[in-house]
Every structure is written in C-alpha cells, then in structure tokens.
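These notes are about the structure you will find just below.
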Amino acid sequence: MQSDNRLDVRQVHLDMLEEHPVYSELQILEYLVCVDFLLPEPAKFLSFESIKFLLNMHPVFVIPGKQDKYYCIGGLRTLNIARNSLPKVDSSIPVLFVTGIKKSEIREFCIFDIITTSLCFSVQSPDIFCKLIGSLPEELKNKMFAKKLGPTSMSRMLNVSRESIRKWMQKPLKNS
C-alpha cells in the first residue's frame, strides 16, 4: 500500500459489504477462501468474543463501492468469517476505510490479501492446531471457544477421529 493512502476506522453493516470484483477474477479465490479454512464453520466453535477479537486484529479493508455499498479489498477471510458467524440482525463490524488508493493498486492489494494470508496464516495440519489448543490455559480456551473442548468436540471441529486427537494431545508441541 502506498504511503499516500489513508485509513479511517468505521462501523459498517455486513449487508453493505461486498467483495471487490477483482476477487472474482482470481481463479484461485474459491479454493483459498472456502477450502483452505481449517475450521469450516467457525461460528460453531468460536465464541462471539473471539469473532469480535478477530475483526479487530485482522480488519477488513474497504473502498467506496456502488449504490452506497463498500468493496472489500483486504481481509476477505475475516469478512467471510464475520458473515458466517455473526447474527444477521444489527451486525456492524469495524472496517478500515482506505482513501487515496489508485485503481491500479486495487488488484495488487486484493492479490496480496489472498496469497499472503494463505502463506503466512494457514495452519499446516489439524495435529498442529490440536497441540496449540492443548497448550492453552483452560481459562483462555473457555473464553475463546463457544463450547468446552474435549476430545469429542475437537474431533468434530477438526473432522478427525477422537483417537487421533488423543494421540496428538499426548505428544507435546515441539519448539522449532
């Protein structure tokens, strides 16, 4: 993003947000946004507080769109999680409104959003995720997840067997 761009925080209703048309041009988009999530249904497992925290830590970047709508040009994964996790009524989310961005920069912004988040933030495998969750203090797990996480709920969340969860939980997370 160029240094002459400005960012302003705004509250925008989810109904007013659309993906920028550039995203639909990217043939890899559907795979990266829909398939690459470790949690296919975050709302089933994450607490409301976790979703709000995610929105603040990984904001949605928007520019003006058509007919009083806003186009998402960054944070598309966060936007999809918010859409699938927050109640449909009165769901406004914080967004970063980008001003001063050139049309020629928008495509690059969208591509960087999808590719860098996939490369940098995708969990390698369910066993690593399971070990990460297992290393958290109970108090934090209770705050982060909608339900208590035992082997059964973790196996449902990760779509693996309870035996796999138990096996992974026995092995400590190794420091790299």
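Nothing in this text is a laboratory measurement; each read-out follows from the coordinates by a stated rule. From a predicted model like this one, the values you see are computed outputs, not experimental measurements. FYI the Cβ positions are ideal-geometry reconstructions off the backbone, even for glycines, and counts take in every protein chain you see.
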Could you run the Karplus curve 6.51 cos²θ - 1.76 cosθ + 1.60 with θ = phi - 60° over region 55-62 and give me ³J(HN,Hα) per residue in whole Hz, x for Gly and Pro? 4, 7, 7, 10, x, 8, 9, 10
Enumerate the calculated ³J(HN,Hα) couplings along region 148-158 in order (Karplus 6.51 cos²θ - 1.76 cosθ + 1.60, θ = phi - 60°), each rounded to whole Hz, writing x wherever the residue is Gly or Pro. 4, 9, x, x, 5, 5, 5, 5, 5, 4, 9
What are the residues whose amide H is under 5 Å from the amide H of residue 91, where those residues sit 5 or more places off or on another chain and H is modelled from the backbone? 14
What are the trypsin sites (Lys or Arg not before Pro) within region 121-162 that DSSP puts in a loop, where the Cβ has at most 10 other Cβ atoms within 10 Å? 148
Spatially proximal lysines relative to residue 44 (Cα-Cα < 17 Å; intrachain offsets below 8 disregarded): 52, 88, 141, 143, 147, 148
Built amide H within the under 5 Å cut-off of residue 62, gap 5+: 73, 96, 97, 98
Listed by chain and number, the residues whose amide H is under 5 Å from that of residue 146, excluding neighbours fewer than 5 places away on the same chain and using placed H, are 46, 47
